[in-house]
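Notes follow once the structure below has been shown.
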Amino acid sequence: MAIAETVRDMPEAPRELILQLARDHLMRVSVPILRYSPRLETKDLLALLAAPPHPFAARAIAQRAFVPAEVAAAIAIIDDSEAIRLLLENPRAQIRETVLDHLVSRAPGEPDWHAPLVRRPELTEHAAQVLAEIIANDLLAELARRTDLPPATREALAARLARRLAPAEEKRSEDEGATLRWAEEEDKAGRLDEGLLFATLKKADRARVEALLAVAAEVPLALVEQAARMRHLKGLVSLVWLAGFSARPIVPVQVLLAEVPPPRALAPSANGGFPLSEEEMRWQIDFLRRLG
């Protein structure tokens, strides 16, 4: 294991040693080599996929800094959904058009592939149209914004999204109106404070938290929703600041609205203040306003 960690990045490492380590059945020995070693050639990777030392070999190879097209094609036919997801998420994986179309055809039964497929570079028009039938609304909106697709295709995707959202949007508008009125009434009654925000966060009531931030910060509800939809952590922190709250609720706000795990959230500074300067937070708010 120590040798594998030492030589995994070395372009001058002895080739026979690298191949021996790559074939080791212990994952802690072989995975660093499979994932990182520049000494493994395309033929070596194909051989290791054909006779893997353990079931996780394809996943390690799929995450390499560069995955040749032949290797990507070999991973795409392996019965390992996680390896294929990692391959799709790897921007340096060279996936041929035919291979990508094949994976798109299998995507209805693989929801974890949907987001990486939508975000793959050089997605074909045919693949985009097939994906549009099966992906969730947020991914369909992302797909419709891709500038590398023909304008007619983008318009068709946007129209499909509009048709999907029409009934739900009316109901959502009614619900949002009621939630916003609730937050405004709490504000008028003098109850819109940090205690109410924490109580609402504790209930994981996303809509009411967004409404509280919008009313307290005196910004449109759509602006708060945009920050949450984008998972714009700095924007959410800035909205808490603009709303007049302390930095104490910024982590639970990010966890609930941006759906990030607590370790990835922006935390208060060492002295309990905001992790961004006031100048940067003003810029973030202006940025969100420009997006609207």
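Might you check whether a residue that is assigned to a helix (DSSP H, G or I), in the same structural domain as TYR36 (by TED's automatic domain parsing) and not basic (Lys, Arg) occurs anywhere in the range 154-162?
Scanning the range 154-162, I find no residue that is assigned to a helix (DSSP H, G or I), in the same structural domain as TYR36 (by TED's automatic domain parsing) and not basic (Lys, Arg), so the answer is no.
Can you name every one of the helices (runs of 4 or more DSSP H) wholly within the range 174-292 that holds 1 or more residues which are among the aromatic types (Phe, Trp, Tyr) and over 26 Å from LEU139 (Cα atoms)?
In the range 174-292, 194-202, 233-242, 278-291 are the helices (runs of 4 or more DSSP H) which contain 1 or more residues that are among the aromatic types (Phe, Trp, Tyr) and over 26 Å from LEU139 (Cα atoms).
Residues checked against (1) crowded, with 17+ Cβ neighbours inside 10 Å; (2) more than 18 Å from the chain's Cα centre (by Cα); (3) modelled with pLDDT of 95 or more; (4) hydroxyl-bearing (Ser, Thr, Tyr):
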site	(1), (2), (3), (4)
TRP241	yes, yes, yes, no
SER246	no, yes, yes, yes
PRO249	yes, yes, yes, no
PRO252	yes, yes, yes, no
PRO261	no, no, no, no
ARG264	no, no, no, no
GLY273	no, yes, yes, no
MET281	yes, yes, yes, no
LEU288	yes, yes, no, no
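The values are calculated or read from the model by the stated rules, or taken from the named source; none is laboratory data. Remember, it's a predicted structure, so these values are computed and weren't measured experimentally. Neighbour counts run over all protein chains shown; Cβ positions are idealised from the backbone, glycine included.
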